[in-house]
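The structure appears right after this line, and notes come after that.
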């Protein structure tokens, strides 16, 4: 049986004696390496927390984050909210759903709704060769979010997180836990439970309950 926290075997194995011939091959190796780091870290975090499933955060924003890119901006997700990282795969469209909902996939026999974060964040939709799906727990529901590429797993101390600035009326920042500043880099830390509004979440829950592939 496939372990949900273990990536599927790559179609081709690489070694130091067989150089990578394309950027897509290098991207595959990078994503596999990040996934392996995520597996090790996530398993350890779950073991230490005494639970095998992602759990809600405490008031502290310190912890380990899986970071990813949308365009040139780097974001972070609490690692205990992440179930697994999978490659892009065929997505079945569902009619009459919010624009940011790309559709559903069949993940080992379970219907998983897929959200495009670029669309949700009002960014131009682009899907490069490094794009992948991060499967997360959003208010107790399993869903996937499309990102441009995964980056790394980082530990961020509470002292390294600042509150998200206010940009005035009409600009929503409540889905941000804060701004993480580590290693000279700035990362937008996402509260995945607040990315979707109540009505949007209800629509996705309905898709998850009623869709059949």
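The values are calculated or read from the model by the stated rules, or taken from the named source; none is laboratory data. Bear in mind the structure is a predicted one, so any value in this text is a computation, not a measurement. Cβ atoms come from the backbone with ideal geometry, glycine included; neighbour counts cover every protein chain shown.
Annotation: of all residues in region 106-120 being touching a strand residue (DSSP E or B) at 6+ places or on another chain (Cβ under 6 Å), touching a residue at least 60 places away in the same chain (Cβ under 8 Å) and part of a strand (DSSP E or B), the one that is farthest from residue 62 (Cα to Cα) is 111.
In this structure, residue 130 does satisfy being closer than 20 Å to residue 72 by Cα, within 15 Å of the chain's Cα centre (by Cα) and part of a loop (DSSP other than H, G, I, E, B). Residues in region 144-181 that are closer than 20 Å to residue 197 by Cα, surrounded by fewer than 16 Cβ atoms within 10 Å (Cβ to Cβ) and at pLDDT 95 or above: 0 in all.
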